[in-house]
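Report on one structure; see the data block that follows.
The values are calculated or read from the model by the stated rules, or taken from the named source; none is laboratory data. These numbers come from a predicted model, not from an experiment. Cβ: placed from backbone, ideal geometry, glycine included. Neighbour counts: every protein chain shown. Keep in mind that these areas ignore ligands, DNA and RNA; they rest on the heavy atoms of the full protein, side chains included. Shrake-Rupley method; radii C 1.70, N 1.55, O 1.52, S 1.80 Å.
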Amino acid sequence: MDFDLNEEQSMLKDSVDKLLSNRYDFDARKKHAKHAEGFSPEIWTQLAELGVLAIPFAEEHGGLGGGAVETMIVMESIGRSLVLEPYFATVILGGGIVNTAGSDAQKGEILPAVADGSLRLAFAHAERQSRYNIFDVKTTAKKSGDGWVIDGEKALVLHGDSAQKLIVSARTAGGQRDEDGLSLFIVDAGAKGVSRRGFPTQDMQRGAEITLAGVQVGADALIGEAGKAGPVIAQVIDAAIAALCSEAVGAMEAMHKETIEYLKTRKQFGVAIGQFQVLQHRGAEMFVALEQARSMAYYATMMASEKDAAERHKAIAAAKVQIGRSGKFIGQNAVQLHGGVGMTMELKVGHYFKRMTMIDLAFGDADHHLAYVAAQPGGLLPASL
Amino acid sequence: MDFDLNEEQSMLKDSVDKLLSNRYDFDARKKHAKHAEGFSPEIWTQLAELGVLAIPFAEEHGGLGGGAVETMIVMESIGRSLVLEPYFATVILGGGIVNTAGSDAQKGEILPAVADGSLRLAFAHAERQSRYNIFDVKTTAKKSGDGWVIDGEKALVLHGDSAQKLIVSARTAGGQRDEDGLSLFIVDAGAKGVSRRGFPTQDMQRGAEITLAGVQVGADALIGEAGKAGPVIAQVIDAAIAALCSEAVGAMEAMHKETIEYLKTRKQFGVAIGQFQVLQHRGAEMFVALEQARSMAYYATMMASEKDAAERHKAIAAAKVQIGRSGKFIGQNAVQLHGGVGMTMELKVGHYFKRMTMIDLAFGDADHHLAYVAAQPGGLLPASL
Amino acid sequence: MDLRFTPEELKFRDEVRAFFKENLPEETRKKLEAGEHNGKQAIVDWQRALNKKGWAVFQWPVEYGGTGWTPTQQYIFLEEMQTAPAPPPLPFGVNMVGPVIYTFGSEEQKKKFLPRIANIDDWWCQGFSEPGAGSDLAGLKTTAKRDGDHYIVNGQKTWTTLAQHADWIFMLVRTDSAAKKQEGISFLLIDMKTPGITVRPIQTIDGGHEVNEVFFDDVRVPVENLVGQENKGWDYAKFLLSNERVNIARVGATKQRIRRIKELASLEFDGEDRVIDNPRFREKLAAVEIELKALEMTQLRVVAGEAKRGKGKPDPASSILKIKGSELQQATTELLVEVIGPYALPFEPEHEDGWNEPPVGPEYAAPLAPQYFNYRKTSIYGGSNEIQKNIIAKAVLGL
Amino acid sequence: MDLRFTPEELKFRDEVRAFFKENLPEETRKKLEAGEHNGKQAIVDWQRALNKKGWAVFQWPVEYGGTGWTPTQQYIFLEEMQTAPAPPPLPFGVNMVGPVIYTFGSEEQKKKFLPRIANIDDWWCQGFSEPGAGSDLAGLKTTAKRDGDHYIVNGQKTWTTLAQHADWIFMLVRTDSAAKKQEGISFLLIDMKTPGITVRPIQTIDGGHEVNEVFFDDVRVPVENLVGQENKGWDYAKFLLSNERVNIARVGATKQRIRRIKELASLEFDGEDRVIDNPRFREKLAAVEIELKALEMTQLRVVAGEAKRGKGKPDPASSILKIKGSELQQATTELLVEVIGPYALPFEPEHEDGWNEPPVGPEYAAPLAPQYFNYRKTSIYGGSNEIQKNIIAKAVLGL
């Protein structure tokens, strides 16, 4: 049991924090968002140069062989700075799938390009009807000669409008909501039959609706075994939720800090409003919520690599509940304690609040995951030792 | 729309309040509790003399022909003084059933005696397994000659140990949880085959377990039509819940008042603790909870006589939810703001807290009734005008 | 004690309901129902329709165009308006400056402004808040210095709602800097076309433009635009603010939003089940409905009390209406986001202004997250909920 | 960063678990599990069993009988103790006065008291709180006046837990009334058999007798019973209170109570379904479990931090442990009442003292409502949760 960073982890943290504190203040972020891609290609390159995009991959694929703790460090920092660059979509989701289930050839082709910043991925998975059911997929892939033909519509694909390659889930067998019968494919974003419609998101990121109409891919586009992608998707999404938990902690921490700072400086009735006991206690309650969330983000980080898929998912779900609840409490109160200015686009606090709202809704909100944990035999803690 | 008491109602309120403020302070209450019956026979007589026990009954039965508002007035006052006398068991429950469904002969026999204080009733209805399902009755009544033989065990009968007559529910047909097939009987507490075991309750009242073993009653003991008592029980329990809501408001109001008083007088760190903004706001939040509860108690009072049983029960259930939630919030915080002394038997606040806890658990707690309201098509408010 | 509406009141309700049904433009109604904003013209058109009927300034004294309705009738009218839903008459004129003018203004001011307020010939906005003041309203710094028969106004106002449409602004200004802070304040009416006034939009977190900063740079205001006496403006402001609190519960609007939640939750699916069929969701919604029913009763009690106490003397308990009212508005906007779930994500600011492209996902999704963000304001403005609890603690509990 | 127990730590856990399994009397365990209190003898017997094993004062320095365990080992031990569940060694001796004596006491005091504390030959109680002081501990009024080689003590203490069993009491007394309130306080050890001491029981709302008032009427205390220096008692008290906070989260005890909830909710039926099968109930319980898991991680972080900071310098963030720990203890006692529902009603105070009559309703029901009432204390004692939030605001947030 050791909660300290080792030397390499400390160095990673310092370098990411330094880059972002230099290049990602509030005004810089607004500029980054104005690029056509919705983020700064330059920052992306710098993240690659720092090795951040290489963290989770093996050295043979141009990676650094980092684990969940290293991802946690980066995501916390991303959360603190409200980073717009598609780290989550490319490295955690797309890269995560290739890294988890790809063939050696696929890893060799994709991962080094992700690591050096030249290739961005998006995970084209969710559909209009799927809501929080990660196995609810109607898009089909049918055998066609050596390869496959993919048809379907993907919704709300994070950074799907600017990714060069898409990781597409499709049903090769089974019913609409079966875990069995799902397959994953690597699809060029520019392939014939792929059409994309990008849109901005509430939190200043980008998403896309993607239509796949008779998209032909070769046999080498299939990731892993046909029909067996369900557990891969579940595992990568669990790891992705753990990463989101860490991002959320970064955002909550920053939002809390800004709020406390505001309480110390904003004067009303002749005193700093932080002199009012009610606001002091609110700050304390936000602190409790923050630390409880941080604890659960650690727990999610620890459990993201758990071999037993059921135990893993239960832990991840529990963390997501805590993050959702703490995030809502801290976010709403951060706005409230800022008063009117907290309602404006001109302060960072509102942007954190919106990001936290979207994190809660990503891959299942707090209620969804609470229902999951509650439905497990014995609940979260074992009924008997 | 008029929330004021009329002249007679004001007089009723004044006379009850006067009796109780003279005879029911904290020390007096302790003495009342020490009587064998668990309450003061003398106070009971005085309530009868004031006409309080006669309120809901028709004049021809020695009553005053009062309605739900008059009951509300009395119950609020009972709540404020934590009255131990069996008004609820005798007048609201037992008397309510006879008044609702009894024959003229039964009313003529029972109600005047209730009104003049000479007869106390108890409603022997709930059983070990019934929890909050008011139709879950295993006790049976079988035809025997002209009359009936009753067998079964009744649980948690309020003031069942000192009542002279019991109103007993029994199944004459149907399955264990059917609304149909229930019947009600008037049974002498001293009848052969009736055995009672009294016990004190958490809130200093009295309850009893009652066993009925081959208890023989005549045909005239049956209240209303055999097998048709389900709706009667439902109606009387709804009215009883409305009355409990009013009692709860009285208790919450008193508890809130005592707490605010304590905040004004208790000094710490050199000032009255009511100077601390956090405690001021807690007091304000308790006030909001109190007034919301009062509003719903009014609503329950208004709807207790609603003809449409489904609408009536939905409204009563909604009120019980509000009462349960407000009561828990106010009760827990009243103890908290009193600190250590709030934890002792020596202050009234803890007794209010316990009474509120028991009121929540009576006839279904807040969660139970919330689930009921939620399950109704369209919820509480009509889905469209 | 009789807790039901009288037959006369029920008849009145039917009359109001019928009028709304026949006269409210469907387009206007639908926008409100969807959680979108109506544009200036829709608001003007509707208020003029009300004014034609004689209902635009129903709460004013009869001599100035009011209806003479009882508080209960007024309550019924507002309830029907919010559940229709119909836009309220523009509050800055009808609820705020109008009553100040007919209570404290000169005969000339009454003649000049009141009919135009009723018919919304002038669009008014409110110049109270300042960047440095916030909840401490009396800490305002904008000055008005007398110069012959003019005041010269300098300073800045903020959170000025819909100032971008405004013809006139009513202002609190400091006319005596030496006096204690509440005692040097005056109440001015200023034509927004006067030189030296600049309106700068504030973009709120929902992406909308509802509020503004308004800058005053040597703005010359004729002295006849002073309301009442110089340095007595704080009294008029308190009067105005207490009027503002009456309809703050917005029970009808929340009722209407609950209908909307039920409607959308019946359209959205979670697997094979509609969201509305999820028992947990139903319980959360039922809990809100119960609190709302309680609040409605509380509001009726306040209204009945007001009928007795007389107008303009609001119950300090009406802070409950603000606290619970805003909590329930917020809870319902939050539930709408929960209904739509992942489809809260796309940001379509153009949606309201007649975007021609198809929406991303269901057409009803776009306004919901912005509405949730926007409604965080309800526990901040009009005296934050923290301030309301201070008021209860002091004025009601005596702490 | 490595967030798992090491293999050595896991081995240690198994050793502790095995010891508890073999040595803890079943009767003692069952009472705790049911939410009842163990009597004096059961507590003494168990602490002596621990002392025989060398674990009664595990957290003390090795020279005074401690174990030299790491903070993580101590955490594991406490966790196992609470989940067993086993009674903790009597805190007034082991956790409170013991550390004060070995840190600030004389050699004689160490020799005289420490071994007897470990073996519970002396039952200690705590004389800090006074009726007039409450959360403002330093506002105490009990005086000790020097008279030759004695102090004469006069005054009153309250909330003195289990004073009815006590052989000794450690006290804060005022030895200098002229000094500022924290500066005139001394720390005394008093034999409860000394003439002039009266113990009066306080009945708490659960019907139990756990706490007392203790009156001092010209009680003569030898000066050698002064700990450390005169008028420095406040420093020792602060040291003591910071030790007290370490195990305040009671994660293990709440875990055990959650197991109990599941057990009883599987025995109680609502119609044909067990209470445990009600999805709403399960969600409420799961929400508590999740907060508890988070608190467990938070506690581990505090423990790990303490390993680094050194003992006796508690993290101010440990106020979180008090706040959340008490909230979760209260939430679980509340859920037990919910499980038993209407059967919370009967009051059976005799139940714990070996009542021979059958219980009213299920045998496990009787202690549950009293436990719920009793646990309201957890957000009051040891520095109320309001005080904890003050501490966070000041010490952590700098407000």
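Quick notes on this one:
- Phi angles of segment D:285-301 translate, via the Karplus equation with coefficients 6.51, -1.76, 1.60 and θ = phi - 60°, into HN-Hα couplings of 5, 4, 4, 5, 4, 5, 4, 6, 4, 4, 5, 4, 5, 4, 4, 4, 5 Hz per residue; Gly and Pro are given as x.
- Distances from A:Asp27 to itself in the other copies, using label points 7 Å out along the Cα-Cβ axis, amount to 7.5 nm in increasing order.
- Expressed as a fraction of 2.2 N^0.38 Å, the C-alpha radius of gyration for segment B:342-384 is 1.78.
- Estimated translational diffusion coefficient (Stokes-Einstein, Kirkwood radius over Cα pairs, 4 °C, 1.567 mPa s) of segment D:224-333: 79 µm² per second.
- Counting only Cβ charges, +1 for Lys and Arg and -1 for Asp and Glu, the dipole size of segment B:7-118 around its Cα centre is about 540 debye.
- Segment C:189-221 residues near the modelled C:Tyr64 label - backbone nitrogen below 18 Å, point 7 Å along Cα→Cβ: C:189-190
- Cα shape, segment A:111-210, gyration tensor, a/c 1.5 rule: oblate
- Only Cα pairs under 8 Å and 6+ residues apart enter the sum, and on that basis the relative contact order of chain C stands at 14 percent.
- In order along segment A:181-194, the phi-based Karplus estimate (6.51 cos²θ - 1.76 cosθ + 1.60, θ = phi - 60°) of 3J(HN,Hα) comes to x, 8, 9, 10, 9, 8, 10, 5, 4, x, 4, 5, x, 8 Hz; Gly and Pro are listed as x.
- Around the amide H of C:Glu130, modelled in the peptide plane, lie the amide H atoms of C:Thr158, all under 5 Å away and 5 or more residues distant in sequence or on another chain.
- Portion, in percent, of the accessible area of segment A:231-374 that falls on carbon or sulfur, probe 1.4 Å: 56
- Checking the Cα-Cα distances for A:Lys267/C:Lys255; B:Lys314/C:Lys53; A:Lys107/A:Lys257; A:Lys314/D:Lys238; B:Lys257/C:Lys324; C:Lys30/C:Lys389 against a 30 Å cut-off, the pairs over it are A:Lys267/C:Lys255; B:Lys314/C:Lys53; A:Lys107/A:Lys257; A:Lys314/D:Lys238; C:Lys30/C:Lys389.
- Carbon and sulfur %, accessible surface of segment C:124-231 computed with the full protein complex present, 1.4 Å: 48
- Dimensionless Rg over Rh [chain C; C-alpha; Kirkwood]: 0.97
- Reduction of at least 30 Å² in accessible surface, 1.4 Å probe, comparing all protein chains with the chain by itself, residues of segment C:366-384: C:Tyr372, C:Phe373, C:Arg376, C:Ile380
- The shape of segment D:7-89 can be summarised by an equivalent ellipsoid whose semi-axes, obtained from the alpha carbon gyration tensor, come to 22, 15, 10 Å from longest to shortest.
- Considering only B:Gln205, B:Gln268, B:Gln106, the Gaussian network model of chain B with Cα springs below 10 Å gives its largest mean-square fluctuation to B:Gln268.
- Evaluated with a Cβ-only charge set (Lys, Arg +1; Asp, Glu -1), segment C:7-89 carries a dipole of roughly 220 debye about its Cα centre, given to the nearest 20.
- Between A:Asp2 and A:Ala48, residue separation times 0.36 nm minus the direct Cα-Cα distance comes to 13.6 nm.
- Per-selection Rg to Rh, chain B - Cα, Kirkwood hydrodynamic radius: 0.98
- Net +/- balance of residues flanking C:Met1 in space, Cβ distance below 14 Å, scoring K and R +1, D and E -1: -2
- Compared with the dominant Cα axis of chain C, that is its longest principal axis, helix C:71-83 is turned about 60°.
- Loop-located GluC sites (Glu not before Pro) in segment D:202-296 whose Cβ has at most 12 other Cβ within 10 Å (DSSP): D:Glu272
- Placing +1 on the Cβ of every Lys and Arg and -1 on the Cβ of every Asp and Glu, with no other charges, gives chain B a dipole of roughly 1420 debye about its Cα centre.
- Accessible area buried, both sides summed, chains A and B with 1.4 Å probe, Å²: 400
- Accessible area of chain A divided out per residue, in Å², using a probe of 1.4 angstrom: 34
- Taking amide H atoms as placed 1.01 Å from N in the peptide plane, the amide H of A:Gln202 lies under 5 Å from those of C:Phe347, each 5 or more residues away in sequence or on another chain.
- Ordering C:Leu189, C:Val211, C:Ala317 by Cα displacement along the dipole of chain C toward the positive end leaves C:Ala317 in first place; charges were set at the Cβ atoms of Lys, Arg (+1) and Asp, Glu (-1).
- Probe 1.4 Å, all protein chains present, accessible-area order of C:Val62, A:Val232, A:Val341, largest first: C:Val62, A:Val341, A:Val232
- Burial of 20 Å² or greater, segment B:348-366 residues [accessible area, probe 1.4 Å, versus chain by itself]: B:Phe353, B:Lys354, B:Thr357, B:Met358, B:Leu361, B:Asp365
- Between D:His209 and B:Ala58, the distance separating the two model label sites (each 7 Å from Cα on the Cα→Cβ line) works out to 5.6 nm.
- Placing a pseudo-label 7 Å from each Cα along the Cα-to-Cβ vector at D:Asp2 and C:Ser242 gives an inter-label distance of 7.1 nm.
- Choice from C:Arg257, C:Arg274, C:Arg301 with maximal GNM fluctuation in chain C (Cα, 10 Å cutoff): C:Arg274
- Residue list for segment A:252-293, given a label point 7 angstrom along the Cα-to-Cβ vector of A:Glu346 and an amide N cut-off under 17 Å: A:262, A:266-267
- Cleavage-rule hits, GluC sites (Glu not before Pro), segment C:321-397, DSSP coil, Cβ neighbours within 10 Å at most 16: C:Glu363
- Highest GNM mean-square fluctuation among B:Gly67, B:Gly174, B:Gly145, for chain B modelled with Cα contacts below 10 Å: B:Gly145.
- Net length gained if the chain between C:Lys110 and C:Gln182 were fully extended (0.36 nm per residue, minus Cα distance): 23.4 nm
- Cα gyration tensor shape for segment D:177-218, rounded if a/c is under 1.5, else prolate or oblate: oblate
- Global geometry of the protein assembly as shown, whether rounded, prolate or oblate, following the gyration tensor of its Cα atoms and the 1.5 cut on a/c: rounded
- Cα-Cα P(r), segment D:72-141, percent of pairs per 5 Å interval: 3, 15, 17, 16, 18, 16, 12, 3, 0
- Tilt relative to chain A, helix A:348-361 - C-alpha long axis, 0 to 90 degrees, to 10: 40
- Accessible area buried between chains C and B, both sides summed, probe 1.4 Å, in Å² to nearest 100: 4300
- Phi to ³J(HN,Hα) by Karplus 6.51 cos²θ - 1.76 cosθ + 1.60 over segment A:327-335, Hz, x for Gly, Pro: x, 5, 4, 5, x, 5, 6, 4, 5
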